[in-house]
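For reference, the structure is listed below as structure tokens.
Every number in this text was worked out from the coordinates using simple rules, so none of it is lab data. The model shown is predicted, which means the values in this text are computed figures rather than measured ones. Backbone-built Cβ (ideal geometry, glycine too); neighbour counts: all protein chains shown.
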Amino acid sequence: MSCLRNPRRGAAAVFAAALALALPGAAFAHGDEVHAAWTLGPNGGLFGSAGDYHVELAPVDGAMTVWLTDIDGAPVPTDGMAATVAVQHDDQRLDLDLVPAGDHMLEVKDERIQPAEGDRLIFQTIAPDGEPNEARFEIRPDD
């Protein structure tokens, strides 16, 4: 039954749409979880969701580290995992391959990584089941 035929569902859909418009970019949703865009992870990095993963991304001058956990917070092994991160600064884009760095970490070292306010970071990986996953972040003044 569509939400147009069921008034309760229609009202819920209208409320959800209004909330989404009122808070653009204010939250990442994963299943029934919501993470504020400014949420910091346990390692002090930017925190979000990508498919079945929680992603913590920490950019610093010359390097970027990513920690992966499942939706319950358990570490996800990264051995053999292919992943990339794109850094968008103004009209420039830097695409980088991440490599496993032990346990549940991925990293890249590159002197061109110079995080700045307004930069957009796009993390992408392919899950073992072949499902692509993506998380997007923006560096804000209080990050």
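Under 5 Å from the amide H of T39 lie the amide H atoms of F47, each residue being 5 or more positions distant or on a separate chain, with H modelled from the backbone and absent for Pro and chain starts. The P(r) of the stretch 68-124 has a tail past 14 Å containing 58 percent of all C-alpha pairs. Amide H to amide H distances under 5 Å link I113 with G62, where only residues 5 or more positions off or on other chains count and H is placed in the peptide plane. The HN-Hα couplings worked out from phi for the stretch 118-135 by the Karplus form 6.51 cos²θ - 1.76 cosθ + 1.60 (θ = phi - 60°) are x, 4, 10, 10, 10, 9, 9, 8, 10, 5, x, 7, x, 7, x, 10, 9, 10 Hz, whole numbers, x standing for Gly and Pro. When the inverse distances between all different Cα atoms of the stretch 37-138 are averaged and flipped, the Kirkwood radius reads 13.5 angstrom. For a modelled paramagnetic label at D61, 7 Å from Cα along Cα-to-Cβ, the residues of the stretch 92-119 in reach, with backbone nitrogen under 17 Å, are 109-117.
Per-residue 3J(HN,Hα) values for the stretch 88-94, derived from phi via the Karplus relation 6.51 cos²θ - 1.76 cosθ + 1.60 with θ = phi - 60°, read 10, 10, 6, 9, 9, 10, 10 Hz in sequence order (x marks Gly and Pro). Each Lys or Arg adds one and each Asp or Glu takes one away; over the other residues whose Cβ falls under 11 Å from the Cβ of D61, this sums to 0. In this rough spin-label picture, where each label sits 7 Å from Cα along the Cβ direction, the D110-A74 distance is 3.3 nm.
Each Cα pair under 8 Å and six or more residues apart adds its sequence gap; the mean of these over the residue count of the stretch 37-138 is a relative contact order of 26 percent.
Compared with the direct C-alpha span, the chain from D52 to D90 gains 10.7 nm at full extension, assuming 0.36 nm per residue. Per-residue Karplus couplings for the stretch 99-114, computed as 6.51 cos²θ - 1.76 cosθ + 1.60 with θ equal to phi - 60°, are listed in order as 10, x, 10, x, 6, 10, 10, 10, 8, 9, 10, 7, 4, 6, 6, 9 Hz, Gly and Pro entered as x.
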